[in-house]
Amino acid sequence: MALSVSEINRIARLARLDLSPEEGRLYADQLSRVVDYIDQIARFEEGLDGSGPDSSHGVRLETPRPDTAGATLDVADFLRNAPAALDRFLVVPQVK
């Protein structure tokens, strides 16, 4: 997607930036390349989930597993193996 110099000038005005005509042309080219790259990444991601045009490649992302807590170690068992403990806390050397 090519951005025009007038679009860049409008963005610059909204950001309260003063651009010279040379800067407007330079930024129009640079931002157009950035937007094109973002579009390319979006098309690639559409193909990975199997819903996009590249889904014929057979690449699919796995559904993420739910983030749940597993088994935990009992505090008393943990502190029993610690070199030093005070109340229910692990005692460590002071950091200087």
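If a residue must be acidic (D, E) and either farther than 30 Å from V91 by Cβ or surrounded by 10 or more Cβ atoms within 10 Å (Cβ to Cβ) (or both), how many such residues does segment 64-79 contain? Total meeting the criteria: 1. Could you say whether any residue in segment 75-84 is at pLDDT below 90, on the phi > 0 side of the Ramachandran plot and small (G, A, S)? No, every residue in segment 75-84 fails to be at pLDDT below 90, on the phi > 0 side of the Ramachandran plot and small (G, A, S). Exactly one residue among L31, L26, L3 is surrounded by 13 or more Cβ atoms within 10 Å (Cβ to Cβ) and under 23 Å from the mean Cα position of the chain (by Cα), and that residue is L31.
The values are calculated or read from the model by the stated rules, or taken from the named source; none is laboratory data. From a predicted model like this one, the values you see are computed outputs, not experimental measurements. Here the Cβ is made from the backbone with ideal geometry for all residues, glycine too, and neighbour counts use every protein chain on show.
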